[in-house]
Amino acid sequence: MNRIVKKEQWSPEVFSMDIECPLVARQHKAGQFIILQLGGDFNERIPLTVADKDVEKGTITIVFQTVGATTHLLARKNVGDDIPNILGPLGHPTDIEKFGKVVCVGGGIGVAPLYPIAQAMKAAGNDVKIIIGARTKNLVIMEDKMRSIDPDLTIVTDDGSYGRKALVTVPLKEFCENWHPDEAVAIGPPVMMKFCALTTQPFGVKTVVSLNTIMIDGTGMCGGCRVSIGGQTKFVCVDGPEFDGHQVDWNNMLSRLGTFKPQEAEEHHRCHLDLGIPEGKA
Amino acid sequence: MKSAKELDEIAAKLRKNSYTPKERMAIPLQEMPVQAPEVRIHNMDEVALGFSENQAIVEASRCLGCKNHPCVEGCPVRIDIPGFVSHVASGDMKGAYSVISQSSLLPAICGRVCPQENQCQKFCTVGKMHKDIEQSVGIGRLERYVADAMSAQGYEIIPEVAAATGKKVAVVGSGPASIAAAADLRKAGHEVFMFEALHKGGGVLVYGIPEFRLPKKIVASEIGKLEKMGVHIQTNFLVGRTMTLDALMKEEGFDAVFVGSGAGLPKLLGVPGENLVGVFSANEYLTRSNLMHSYDPDHALTPAIKSEKVAVFGGGNVAMDAARTALRLGASEVTIVYRRSENELPARHEEVGHAKEEGVHFLFLHAPVEVQGDDKGRVTGVVLQTCVLGEPDASGRRSPVPVEGSEKFYQFDTVIAAIGNGSNPLIKMTTPQIETNRRGNFIVNEETLETSIPGVFAGGDIVLGAATVILAMGQGRQAAKAMNEYLSGK
Ligand SMILES: Cc1cc2nc3c(=O)[nH]c(=O)nc-3n(C[C@H](O)[C@H](O)[C@H](O)COP(=O)(O)OP(=O)(O)OC[C@H]3O[C@@H](n4cnc5c(N)ncnc54)[C@H](O)[C@@H]3O)c2cc1C
Ligand SMILES: Cc1cc2nc3c(=O)[nH]c(=O)nc-3n(C[C@H](O)[C@H](O)[C@H](O)COP(=O)(O)OP(=O)(O)OC[C@H]3O[C@@H](n4cnc5c(N)ncnc54)[C@H](O)[C@@H]3O)c2cc1C
Ligand code: SF4
Ligand code: SF4
Ligand code: FES
C-alpha cells in the first residue's frame, strides 16, 4: 500500500515523490493535504500538501523539503518502498472561482502546493500572474510547470543568482500598483506569507494564505494546529488550511511553530548521526 | 492486608463453601496491589497490579449473592454479577469469563476504567451494610482479574461467525462503541469494514487513556480479536474526507453504517491567551504521549513537552490523566485547577486518590481569567479568580460563581485544558442531512439508535456526549442488534 512509484531530487533539500494512493487521488482537490506517518510506534505524523495527482494511475505527488527527522527519513525512501500510513485528503479545498485577476506567490517549497491552485485558478477562467521566489538558484522549483500557466512568470532570488534579486514582496507590490489583482494567493514560509499579507493590505487585495502549523491527527481532535484568525481560534486541519492573510495573528502563529524548536534541533542532530549524514547536509 | 498463608487458609475454607453470610461480611476487603507512588511516577507501567488468584477468590467470597442483586441494575450492560462472582469464588475463572462475555465484550478494559463507585458497586448490599461504598464487593477488580487470568493462560474466545449473509456493513471509528458494534455485526455473518482515521485502532483507549491505567497491549488484543473474526480494519480512513458517508452507501454498496466517531473536539479555555505557546488541549498532550510515545524520547520522533510547573484545568478523568502524565514526563510541580469543590470532582475516586498519592496538587474553586505570556509568546502563568458554589445547575451539581476582584496571578510554564470534549464535527460537516442537537451530538431513535438517515446508526460519545467506555460499548451492542434486524428485513 502507498508504494512510491517515482522519486526525484530537485535540489539538495527538495524531493518529489509519486505515491500510489488511489483513494486520496480520487478525492483530492487543490489546496488539500495529507498526513503521513512512516509506521511503527515511534514515528511522527507530518502534514504535506498534495502537489499533483493522476487519478488514472491512482497516484499523488508530494514535494517536500528536508527540515527535520521525518522529512529526512522520508527522503531516504526509494521507488518500490511503501509508506505505511497516509491519511487524506484533509482540509478544505481552495475556493476556486472566477475572480478576474489573480496573483499567485510561491516561496521556496511553497511553490509545490501553489501549483495545483494556480492551475485551477487558470482553469476557472482567471487571468493568472505567478511570482516564485527562492533563496538561491538551485532552490527554484517547478519553473516549467508554472511557466505553462503564466508565460510571463516572475522569478526572484534572495542572492540574485537567478531572476531578479529581490524578495517576492517587491514584484507583488508592483502588481498591486500596476495590475490591480482581484485576489492574491501566497504560499511559502510563514514569514513570507506574513509580509505578502502586509504588502497587499493597503491595496485591499484579498490574500489567501495556506498555514503550515504543527499537526498531529489532522482530524480536529487535538487542537495543536490552532491559530487565531480575526480574534477567533480556528483549527488549521479542519477549518483551513487556507485563511484570509489579513486576519491571521502572525506573531502567535510564528511562535507556536517554534514550540518544539529546542527539542527538534536535538532530534535533527541525532537523526543526522543515526543516518550518518554530515552536519549541514540534507 | 493478610499474609499469603492466611489468605490460603481463608481461600481453602471458602472453596469448601463453609461460610455463613455473617462470616462473609467479616471477610476483609482485598486491597489492590499497586506500584509505590515514588516508583511509579518515573515509569509508564500500569499502576494497579491486579489481584493474585487467592485475593480474587477471597474478594469474590465477600459477595452475598443477593437474590435481588441491586448491583446488576447499576451496570449499564447488566452483567450477571453474582453469577460470575460465584464462579470466581469457586476458582472457576473460565466459567466466570463466559458469564461476563454474555454481556460485556471488553472486561479487561471495563474492569480497569469503569467508574464502578457510580455504577455496579454503588448499589452493592455489602457496601450498604458497611455504610461505606468503598467496602462494596470489588466487582470491577474481579472482572479485570478474570479477563487477565484468561489471557495469561492464552485462553481466548473468538466468537463464532454465522454463515455469510451477503450484507456489507461499515463501522466508522474504532473506539469501544465501534469495537462492540463490529463484533456483534460480524457474529451475525455480515461482512464488516471498520474505518478509523488514525493509524492505530482503539479510539480514546489508545490515544487518550494512558498506558499506566490501561496497557495498550490489551486494546491491541481486542482489535486483534476483531481481525481474527474476519472484520476488515482500514486505518487512515477519514469518513467525510477520504470518502463521504453518502459515497459509502451509494457508491460502495454498504447496506448499513454504524457511526462511533466519538467526542474528539477539545474544548479550549475560552480566555485571552488560550493559544500561547505552552497551552495544550488534554487531547494533544495525551495523544503525544500515548499514541505517539513521546514519553520514550530515545525512540519517539514526536517531541515530548518539557515542563516545570504545570496547571491542568478540569476535574474529570481526563484532567487526572493529563496531570499524572505530566508528572511522568518530568514536571516538577503539577496542579489541578477546578472551578468547583472536591465533592463535585467528576473523576473516578480511585484516580483522584492515585493522583494525590503521586503528589498532584489540587486548587479547588478557582477558574482561569487569562493566560499570560512573555514577549516570545510563551506561557508565563495564569490569572485565576476564586469561585463560590451557587445553586445546582441542570446537571444537579452546584455551579461555580466567580468572585469579582479576587483575581491573582499564578506562575506556570505549561497549561493543559481538560475541560471536556465536544463532538467531532467532520461527519456532520460533510453529511449535512444528518440531524444533530445544538451540541453537535447525533439525534437517534432511542430504541434502535438509528439516525435521521435510514440505515445509518450511531452510538457512543457521538450520541451521548463525552460519556464512558461501558456506555459506549453498550450502545454499540444495542445498535448492532437493531442493525441486524434492519438488515435481515432488507
Ligand atoms: C497543511 C500543511 C501542508 C504542508 N505542506 C508541505 C509540503 O508540501 N512540503 C513540505 O516540505 N512541507 C510542508 N509542510 C510542512 C511540513 O509538515 C513540515 O516541514 C514537517 O512537519 C517537518 O517535519 P520533520 O519531522 O521533518 O521536522 P521537525 O523536526 O518536526 O521540524 C523541523 C523544523 O521545522 C519546523 N516545523 C515543524 N513543523 C512544521 C510545519 N508543519 N510547517 C513548517 N515548519 C514546521 C519546526 O519549527 C522545526 O524547527 C506542510 C505543513 C502543513 C501544516
Ligand atoms: C483521557 C480520557 C480518559 C478517560 N477515562 C475514562 C475512564 O476512566 N472510564 C471511562 O469509562 N471512560 C473514560 N473516558 C471516556 C471514554 O474513553 C469514552 O467515553 C469512550 O472512549 C467513547 O467511545 P466511542 O467509541 O464513542 O469513541 P472514541 O473512543 O472517541 O473513538 C472514536 C474513534 O473514531 C475515530 N473517528 C472519528 N471521526 C472519524 C471519521 N470521520 N472517520 C473515521 N474515524 C473517525 C476517532 O479517531 C476515534 O478513534 C476517558 C476519556 C478520555 C479522553
Ligand atoms: S462493566 Fe463496569 S459497571 Fe458493569 S459490572 Fe463491570 S465494572 Fe461494573
Ligand atoms: S449487590 Fe453486592 S453482595 Fe449483592 S450480589 Fe451484587 S455484588 Fe454481590
Ligand atoms: S492537527 Fe489535531 S486538531 Fe488539527
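The values are calculated or read from the model by the stated rules, or taken from the named source; none is laboratory data. These numbers come from a predicted model, not from an experiment. So basically every Cβ, Gly included, is an ideal-geometry build from the backbone, and we count neighbours across all protein chains shown. Side chains are part of the model used for accessible areas, which takes the heavy atoms of the whole protein and leaves out ligands, DNA and RNA. Shrake-Rupley method; radii C 1.70, N 1.55, O 1.52, S 1.80 Å.
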5 angstrom amide H check on B:T235, placed H, neighbours 5+ away: B:E196
Rounded tilt (10° steps) of A:190-200 against the dominant C-alpha axis of chain A: 10
Viscosity 1.002 mPa s, temperature 20 °C, Stokes-Einstein D of chain A from Kirkwood C-alpha radius, µm²/s: 112
Environment charge of A:T61, counting only residues whose C-beta is closer than 11 Å and scoring Lys/Arg +1, Asp/Glu -1: +1
A/B buried area, accessible surface, summed, 1.4 Å probe, Å²: 4000
Other protein chain Cβ atoms within 10 Å, averaged over every residue that makes up B:292-304: 6
Charge dipole (the protein assembly as shown, unit charges on Cβ, about Cα centre) - positive-most of B:T430, B:G173, A:T213: B:G173
Convex hull volume of segment B:4-152 per residue (C-alpha atoms, cubic angstrom): 119
For segment A:186-221, residues shielded by at least 40 square angstrom of accessible area compared with the chain on its own, probe 1.4 Å: A:I216, A:T219, A:M221
Accessible-area composition of segment A:2-90, carbon plus sulfur, in percent [1.4 Å probe]: 47
³J(HN,Hα), Karplus 6.51/-1.76/1.60, whole Hz, each residue of segment B:421-428, x for Gly, Pro: 10, x, 8, 4, x, 5, 5, 4
Under-5 Å amide H pairs with B:G240, H placed in peptide plane, nonlocal only: B:L245
Heavy atoms of B:V369 accessible to a 1.4 Å probe, total area in Å² rounded to 10: 50
Positions from segment B:267-289 whose accessible area shrinks by 40 Å² or more when the full protein complex is built, not the chain alone, probe 1.4 Å: B:L268, B:N275, B:V277, B:E284, B:R288
With all protein chains modelled, accessible area of A:T154 [1.4 Å, Å²]: 30
Kirkwood Rh, Cα atoms: Rg over Rh of chain B: 0.98
Highest average packing first - B:37-50, B:331-344, Cβ atoms within 10 Å: B:331-344, B:37-50
Calculated from backbone phi, Karplus (6.51, -1.76, 1.60) coupling profile of segment A:245-259 in Hz, x at Gly/Pro: x, 7, 9, 6, 7, 5, 5, 5, 4, 5, 6, 5, 4, x, 3
Whole-percent carbon and sulfur share, accessible surface of segment B:268-419, 1.4 Å: 50
Calculated from backbone phi, Karplus (6.51, -1.76, 1.60) coupling profile of segment B:466-478 in Hz, x at Gly/Pro: 4, 10, 10, 4, 5, 5, 4, 4, x, 5, x, 6, 4
Per-selection Rg to Rh, the protein assembly as shown - Cα, Kirkwood hydrodynamic radius: 1.01
Average other protein chain Cβ within 10 Å of Cβ, residues B:81-87: 0
Most mobile of A:V128, A:V191, A:V24 in a GNM of chain A (Cα contacts under 10 Å): A:V191
Kirkwood Rh (inverse of mean 1/r, distinct Cα pairs), segment A:1-103, angstrom: 14.2
With Cα atoms, 0 to 90° folded angle of helix A:261-275 axis to chain A main axis: 50
Ordering of B:134-141, B:300-307 by burial proxy (mean other Cβ atoms within 10 Å per residue, highest first): B:134-141, B:300-307
Gyration tensor (Cα) of segment A:101-210, equivalent ellipsoid semi-axes in angstrom: 18, 16, 12
Buried on assembly, segment A:85-110 (at least 40 Å² less accessible surface than by itself, 1.4 Å probe): A:N85, A:L87
Carbon/sulfur fraction of accessible area - segment B:62-214, other protein chains in place, 1.4 Å, %: 52
Cβ charges +1 (Lys, Arg) and -1 (Asp, Glu), total dipole of segment B:4-152, debye: 520
For B:236-248, mean number of other protein chain Cβ atoms within 10 Å: 4
Stretch gain in nm, segment B:T380-B:S52, where the contour uses 0.36 nm per residue and the Cα spacing is subtracted: 113.4 nm
Cα-based shape type of segment B:266-378, given that a ≥ b ≥ c are square roots of the gyration tensor eigenvalues and the cut on a/c is 1.5: oblate
Å² per residue, accessible surface of the protein assembly as shown at 1.4 Å: 40
